[in-house]
Amino acid sequence: MTMLGAIEPLYTLSGFAVGLLVGMTGVGGGSLMTPLLVLLFGIHPATAVGTDLLYAAITKTGGTLVHGAGGTVDWRIVGRLMLGSVPAATLTLAGADHFGLLGEHGASLLISTVLGAALILTAIALVFRTKLLEIAASRVPDFSPRRATALTVLTGAALGVLVSLSSVGAGAVGVTALIFLYPRMPTARIVGSDLAHAVPLTLVAGLAHWLLGSVDWVLLGSLLIGSLPGITLGSFASARVPEKVLRPVLAATLLLVGGKLVF
């Protein structure tokens, strides 16, 4: 059977729904897609994370090209983040596999716990994003260039661990960290840099999951068929849907799902 013949309509519909929400709100697909696959469809957590990482790498490439063409990517910051995130993601997955944490039972507990914590962090970042922007904008930066570089690499390493085990955190959590590290940088440039960094991180982590056997290619194809038009439609609809309504609803949903996974 070809991949086209094996496409699952429910997965495609889910991809469309998540793509629509991502297009309207800018919230990372991992914070919505991975828990949906785990809780609603019963996909094994390791497979859900691995498949979603490659899904994110593909869908975020288009956004990165747009930001790059518009000059809203600071490639030095992207390089610093990658210096920490790519090795951290690789070592995390290698270590988890070596100690048997990605087995049938170990992965469910480890990934579900990390995923739940990442969702709660994302929800907090969403709720307090405006306040965090105000705090960052009002304070005088006290990081020397050398210290800012070191902290950016450490931030990348933390994101590498978080994203490789949960596929969540490269978006809202990454942006929040960069806002405090570079408070005078325009928000669009921070978002563009974070998005550009997410592509190699999710690609490397996704390929590592593939080597460990935790990627479902038919599932990936089904999600992409739905999500790509969903993101396009959501992007057009974003100007017509009030963010002050959507953001709290999404944050509450992420808190509930995160709490369920952790507790």
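The values are calculated or read from the model by the stated rules, or taken from the named source; none is laboratory data. Just so it is clear, the structure is predicted and the values come from calculations on it, not from any experiment. Note that we place each Cβ from the backbone using ideal geometry, even for glycine, and neighbour counts take in every protein chain shown.
Here the condition is being in a helix (DSSP H, G or I), of a type in the set (Val, Ile, Thr), touching a helix residue (DSSP H, G or I) at 6+ places or on another chain (Cβ under 8 Å) and at pLDDT 90 or above; of 202, 176, it holds for 202 alone. Could you tell me which numbered condition residue 178 fails, if it satisfies all but one of (1) in contact (Cβ under 8 Å) with a residue 12 or more places away in the chain; (2) over 16 Å from residue 80 (Cβ atoms)? If we test residue 178 against (1) in contact (Cβ under 8 Å) with a residue 12 or more places away in the chain; (2) over 16 Å from residue 80 (Cβ atoms), just (2) comes out false. Of all residues in the stretch 98-129, those satisfying the criterion of being modelled with pLDDT of 80 or more and of a type in the set (S, T, N, Q) are 112, 113, 122.
Of all positions in the stretch 65-84, at least one carries a residue that is part of a helix (DSSP H, G or I), in contact with a helix residue (DSSP H, G or I) (Cβ under 8 Å, 6 or more places away or on another chain), small (Gly, Ala, Ser) and buried (at least 20 other Cβ atoms within 10 Å of the Cβ). Candidates 57, 94: the one that is over 17 Å from residue 113 (Cα atoms), out of contact with any Gly (no Cβ under 6 Å at 6 or more places or on another chain) and of a type outside the set (S, T, N, Q) is 94.
For the stretch 228-263, filtered to residues that are more than 25 Å from residue 115 (Cα to Cα) and among the hydroxyl-bearing types (Ser, Thr, Tyr), the residue that is modelled with the lowest pLDDT is 238. Residue count for the stretch 179-199, restricted to those that are assigned to a helix (DSSP H, G or I) and either among the hydrophobic types (A, V, I, L, M, F, W, C) or surrounded by 19 or more Cβ atoms within 10 Å (Cβ to Cβ) (or both): 14. For residue 193, the stated conditions do not hold, so it cannot be described as among the polar types (S, T, N, Q) and modelled with pLDDT under 85.
Taking first residues from the stretch 210-224 that are more than 22 Å from residue 17 (Cβ to Cβ) and in contact (Cβ under 8 Å) with a residue 12 or more places away in the chain and partners that are crowded, with 18+ Cβ neighbours inside 10 Å and not aliphatic (A, V, I, L, M), the Cβ contacts under 7 Å between residues at least 6 apart in sequence or on separate chains come to 210/50; 212/97; 214/47; 214/50. Output the number of residues of the stretch 208-223 satisfying the condition of being crowded, with 18+ Cβ neighbours inside 10 Å and part of a helix (DSSP H, G or I). Count: 7.
Being out of contact with any Lys or Arg (no Cβ under 7 Å at 6 or more places or on another chain), more than 18 Å from residue 162 (Cα to Cα) and surrounded by fewer than 24 Cβ atoms within 10 Å (Cβ to Cβ) is true of residue 24. Taking residues in the stretch 229-244 that are among the β-branched types (Val, Ile, Thr), and partners anywhere that are in a helix (DSSP H, G or I) and at pLDDT below 80, the pairs with Cβ atoms closer than 7 Å and at least 6 places apart or on different chains are 231/22; 231/23; 232/23; 241/24. Just to be sure, is residue 62 part of a helix (DSSP H, G or I) and modelled with pLDDT of 85 or more? Judged against the criteria, residue 62 is not a match.
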